[in-house]
Amino acid sequence: RTFRYAELTTDPPLDLAECIDIVVHRSAWHPGESSFESPHNGLDRVWELCRYTIEATSSDLYVDTPTRERGAYEGDLLIHQMSHYSVERSYALARYSGEYLSRRPTWPSEYHLMPVICAWRDYLATGDDRQLQSDFELWEQSNFDLKISENGLICKHPGNTTDSWNADAVDWPTSCRDGFEFTEYNVVLNAFQFAAYVALERIAEATDRDKSRSEYAAKAVAMRAAINKLLLKSDHSAYLDGLGSDHSSQHATAYSVALGVAPNDSLVALGKTVAAKGMRTSVFGAQFVLDALYATGHSEEALALLTSTDERSWLHMIDVLGATITGEAWDPALKPNMTFSHPWGAAPSNIIARQILGVEVDAPGASHVTITPHPASLAWMRGRVPTIRGSVLVDY
């Protein structure tokens, strides 16, 4: 728990002991809008850890942690939003945080491409197009169009956290990058640019910007083609970290699959590669590893990661670290100054809703919902997933 405070200094000194009151500000949580239970006690505890994380850390703005930096970041927004939508019928805080970050970009380069992706998810969840109308030009300015080289890929110096406002991050902390090799052609940055182009194309269509829709559709096709031509290995088993590198981190492949870059006929081989590595990413990158596993038919391997007790697991946070809110990293051995109140570690709450229970909103205002459960070896499961039209109940 943390608090915000103001200090008042007076001259001459005044005794204000009788003038002080405490103001508690929090959104009212709505219990009963989400639930999950299964025969796997560990999975159920992971879901509750992540659900409570969203309840405990949602204040006046999505922040990376309320205990240290207390700042908003686009990477945190990406996971916090999906996880919040999965456990509570509440949308205003995600919308406000997206508007805030669309006007106040942070340092990692790929983070600049995330608010537009989040805005499209907001539109699917709510059917409210006001932000699509007001912020379209802001998202256009966040693209890396001027950095695209003749080969179709973004070319830029990867920068670093101390001297560049648009340094490439890939994952955080640095100890969880699986040896990612930074080049001027970063596959992760290019994959996020592809996803941003797709979101802009969809938003342009939804807001009757016909010229922009055609433009971003073409850019998305070209970006995807360039990534798959230059950065997908010849045997289609993995993506390279970048042009000029022969290294393939788990991030390179998982992010490319999860963000929709990978060709359909390559998914089987790519999924085997992601699954074989276990969990090599941070709690942030875990979102993309899990989504990639489900996209490639590896639900059993995903379930194994969700219920793992290894150092890089949510049950390790609960049982070894004593956490009641998800941490910034898997363990202090990987990030000594980690916080224990970091909602970007709450990916399982949206993975369980979207992938295990399989409830995915895929039309504006939840006017259409696709339900595709992935129980893997779970003999049964029950859950409730909120939407703006009410909760969807799944009993398998």
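In Å, what Kirkwood hydrodynamic radius results for the range 204-255 from the alpha-carbon pair distances? Result for the range 204-255, one decimal place: 12.6 Å. With the biggest extent put first, the Cα atoms of the chain measure 73, 55, 45 Å across the principal axes. Using the Kirkwood radius built from alpha carbon pairs, what does the Stokes-Einstein equation give as D for the range 327-396 at 4 °C and 1.567 mPa s, in µm² per second? The Stokes-Einstein estimate is 93 µm²/s. Here is the list for the range 1-85: trypsin sites (Lys or Arg not before Pro) lying in DSSP coil, each with at most 10 other C-beta atoms within 10 angstrom of its C-beta, are ARG1, ARG4, ARG26. Normalised by the number of residues in the range 305-379, the average gap of Cα pairs under 8 Å and 6 or more apart makes the relative contact order 17 percent.
Sorting the segments 295-305, 280-290 by their residues' average number of neighbouring beta-carbon atoms within 10 angstrom, most packed first, yields 280-290, 295-305.
Counting only protein heavy atoms and a probe of 1.4 Å, the accessible surface of the range 137-296 is 50% carbon and sulfur.
For the range 228-336, a Kirkwood radius taken over Cα pairs fed into Stokes-Einstein (4 °C, viscosity 1.567 mPa s) yields D = 90 µm²/s. With the gyration tensor restricted to C-alpha atoms of the range 42-176, the semi-axes of the equivalent ellipsoid amount to 27, 20, 14 Å, longest first. Put +1 on the Cβ of each Lys and Arg and -1 on the Cβ of each Asp and Glu in the range 4-145; which of TYR100, THR10, LEU113 then has its Cα farthest toward the positive end of the dipole? The residue sitting most towards the positive pole is LEU113. Counting every Cα pair in the range 293-362, what percent are over 19 Å apart? Counting pairs separated by more than 19 Å, the tail of P(r) holds 38 percent.
Peptide packing for 14-23, 57-66, 173-182, 375-384 was compared via the average number of neighbouring C-beta atoms within 10 Å per residue; ordered from the highest value, the list is 57-66, 173-182, 375-384, 14-23. Dipole of the chain computed with +1 at Lys/Arg Cβ and -1 at Asp/Glu Cβ about the Cα centre; of GLY127, ALA376, ALA191, farthest Cα towards the positive end is ALA376.
In this structure, the amide hydrogen of THR65, modeled 1.01 Å from its nitrogen in the peptide plane, lies closer than 5 angstrom to those of ARG70, GLY71, counting only residues at least 5 positions away or on a different chain. Look at the alpha carbon pairs under 8 Å that are at least 6 residues apart: their mean separation over the length of the range 154-229 gives a relative contact order of 27 percent.
For the chain, calculate the relative contact order in percent as a whole number, restricting contacts to Cα pairs under 8 Å that are 6 or more residues apart. Normalised by residue count, the contact order of the chain is 21 percent. Dividing the summed helix terms, -39500 (n - 2.57) for each DSSP H run of n ≥ 4, by the number of residues in the chain produces a 222 nm estimate of -12500 deg cm²/dmol to the nearest 500.
Element breakdown for the range 27-97 at a 1.4 angstrom probe: carbon and sulfur atoms account for 51% of the accessible area.
For the range 166-322, the per residue solvent-accessible surface stands at 36 Å², with DNA, RNA and ligands left out and a 1.4 Å probe. Label separation (LEU14 vs TRP29): 3.8 nm, computed from points 7 Å beyond Cα along the C-beta direction.
Taking only the C-alpha atoms of the range 122-189, Rg followed by Dmax gives 15.9, 42 Å.
The values are calculated or read from the model by the stated rules, or taken from the named source; none is laboratory data. None of the values given here were measured: they were computed from a predicted structure. Methodologically, a virtual Cβ is constructed for each residue, glycine included, from the backbone with ideal geometry; neighbour enumeration extends over all protein chains shown. What goes into the accessible areas is simple: the full protein's heavy atoms, side chains included, and nothing from ligands, DNA or RNA. Shrake-Rupley method; radii C 1.70, N 1.55, O 1.52, S 1.80 Å.
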